[in-house]
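The values are calculated or read from the model by the stated rules, or taken from the named source; none is laboratory data. Fair warning: this is a prediction, and the values are worked out from it, not measured in the lab. Counting neighbours? That spans all protein chains shown, and the Cβs are built from the backbone with ideal geometry, glycine included.
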Amino acid sequence: MFESVYQEIVENLKDLPDEMTRAFEEKLTNIIMNPKYTQDVYNLEQRIDVEEDQIAYPLFLMCSIYYRRAKDHGKQERLIYKYKKRFEHHPSFMHFHTLSYVDVGYHAKWRDMLALAKENSMNMQHNGAYHLFAELVAMTFEDAHHDATESEFAYWIHEAKKAVDLAIMGNPNYAKYYCTKGRVVSLMGQTDEAQQLIRLAIEKEDSMKKDYTLRIGNYQYYLLKVQSFADREQLKNEIALHKDSIQEAIVDVHNRAESIDKSLMRNLEYLGIFSGIISFTMGAINISSALASVSFVGAAALIVVLFGVLVGVFAMFDLIIHGYKRENKVLYIIVCAVVLITVVGGFGVCFLI
């Protein structure tokens, strides 16, 4: 039974398009995804070792395509590495090897992977290769664990956008290209355009395809992911804005607290000065009253001394409140002279008595 199926497959492999074209990949995909042949993939894989290169290489690619479509990534990788040495001389091998990277997710050696994908797109120069490169870039930088510098990130995103634009130009009706472009521009911060592109992919998707539901679900996933990214960026900006406002409020409160503290300390200083003046005045009156009974002149001289001291105290009080002013320099000298004369003169009179 398998032999007849196998001969039919071999017959279909005649007159294949050039392996560097998109048509080559499409024809192999159509053959292997035909329900008549999918159940015989295991047997087809066994024939790779016994067939000549002309037949063995297309068989290898068909098995790889089937495993990829079936999401059996373990078998896909195993197959590629098993036959890498045998088939790597084929110019299209790099393309199918790169395809496997899309399915296995993030790689620590992402730089090598992207360099390989870009080289492949330049060699193949068809829509599938351009799109593959752009999809790998999107996949790499959607993962938060990449260690790219800002310049590396900007370079690869720019190159990916150019590549996916070429793919769309080559086939403007292929829905997936728009989804991938949406993912790329989302990484550039253009979330509104990204959502429009992914919605366009949903509109353009062919509802007659067997995997239509799967494709639409995939597009919806990326649409939600872009929306989530946009919401996260908006929230981050709002937090930053409020953070600045809160910081300004904290600084303002701190400054006000310092101002209140300074005012409080100055008020306490004023209170201390007033208390000292009152105590000094009351004491001087009592001393003068007691001295007047002994010597009226001596009491008068003491009052003059106290007057000079009070003038000096009031002058110091004025300096504390208003601070030193250069334009009042002459007034300061006069006050100092009055204080000096009254105090020295009063003590002189008391000394003579």
*Give the number of residues within the stretch 189-222 that are outside any loop (DSSP other than H, G, I, E, B) and without any contact (Cβ under 8 Å) to a residue 40 or more places away in the chain.*
21
*Under the condition of being hydroxyl-bearing (S, T, Y) and surrounded by fewer than 12 Cβ atoms within 10 Å (Cβ to Cβ), which residue from the stretch 222-252 is farthest from the chain's Cα centre (by Cα)?*
S245
_Within the stretch 50-59, does at least one residue satisfy the condition of being hydrophobic (A, V, I, L, M, F, W, C), buried (at least 20 other Cβ atoms within 10 Å of the Cβ), over 38 Å from the mean Cα position of the chain (by Cα) and closer than 21 Å to F2 by Cβ?_
yes
*Can you confirm whether the stretch 89-96 contains a residue that is among the aromatic types (F, W, Y), farther than 24 Å from A134 by Cα, without any contact (Cβ under 8 Å) to a residue 40 or more places away in the chain and part of a helix (DSSP H, G or I)?*
no
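Does I65 satisfy being surrounded by 16 or more Cβ atoms within 10 Å (Cβ to Cβ) and under 30 Å from V5 (Cβ atoms)?
Values: surrounded by 16 or more Cβ atoms within 10 Å (Cβ to Cβ): yes; under 30 Å from V5 (Cβ atoms): yes.
So I65 passes the test.
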*Which residue pairs have Cβ atoms closer than 8 Å, lie 6 or more positions apart in sequence or on different chains, and pair a first residue in the stretch 170-188 that is closer than 16 Å to Y212 by Cβ with a second residue that is among the β-branched types (V, I, T)?*
Y174/I168; A175/I202; Y178/I168; Y178/I198; C179/I198
*Would you please name the residue that is farthest from R22 (Cα to Cα), looking only at residues in the stretch 160-197 that are among the β-branched types (V, I, T) and modelled with pLDDT of 95 or more?*
V185
*Within the stretch 199-215, can you find the residues that are among the acidic types (D, E) and either at pLDDT 80 or above or surrounded by fewer than 10 Cβ atoms within 10 Å (Cβ to Cβ) (or both)?*
E203, E205, D206
*Every residue from the stretch 216-267 that is at pLDDT 75 or above and small (G, A, S)*: G217, S228, A230
*Identify all residues within the stretch 162-188 that are part of a helix (DSSP H, G or I), of a type outside the set (V, I, T) and closer than 19 Å to L223 by Cβ; write none if there are none.*
A175, K176, Y177, Y178, C179, K181, G182, R183, S186, L187
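Which of the following residues is in a helix (DSSP H, G or I) and touching a residue at least 60 places away in the same chain (Cβ under 8 Å): E19, E25, E11, E77? Steps first, answer last, please.
Values: E19 fails: in a helix (DSSP H, G or I); E11 fails: touching a residue at least 60 places away in the same chain (Cβ under 8 Å); E77 fails: touching a residue at least 60 places away in the same chain (Cβ under 8 Å).
On inspection, the qualifying residue turns out to be E25.
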